[in-house]
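What follows draws every value from the coordinates through simple rules; no lab data is involved. None of these values were measured; they are calculated from a predicted model. Neighbour counts are summed over all protein chains in view; Cβ atoms, including those assigned to glycine, are modelled from backbone coordinates with ideal geometry.
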Amino acid sequence: MGQSEWDGTGVQTGVATSIGARQVPDARALTLSAALVQADKLLYAAKAGGKQRLSFATATATATAQVAG
């Protein structure tokens, strides 16, 4: 949902999300704890970018994008 909607009762409804994701193609290259720390940082990077954001990282790149609503 890109925009909030009214449910007819005067209460504004809707869902906004921010997601942080870390791809780990080789489990030997990164501990679970380190991957979770990175995913947490990516989540906060998405939140800092505004609603409807996704931040993700691979072994070679990191990006933040707006999710279409």
Checklist entry - Which ³J(HN,Hα) values in Hz, rounded to whole numbers, follow from the phi angles of region 36-53 under the Karplus curve 6.51 cos²θ - 1.76 cosθ + 1.60, where θ = phi - 60° and Gly and Pro get x? => result 5, 4, 5, 4, 5, 4, 5, 4, 5, 5, 5, 4, 5, x, x, 5, 6, 10
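Determine the sum of side-chain charges near Leu42: Lys and Arg each +1, Asp and Glu each -1, restricted to other residues whose C-beta is under 11 angstrom from that of Leu42.
Details: positive: Arg22, Lys41, Lys47, Arg53; negative: Asp40.
Neighbourhood net charge equals +3.
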Item to check | Cut-off 10 Å between beta-carbons: net charge of the residues surrounding Gly20, Lys and Arg +1, Asp and Glu -1 | outcome: +3
Checklist entry - In Å, what is the Rg of the alpha-carbon atoms in the chain, and how long is Dmax? => result 15.5, 53
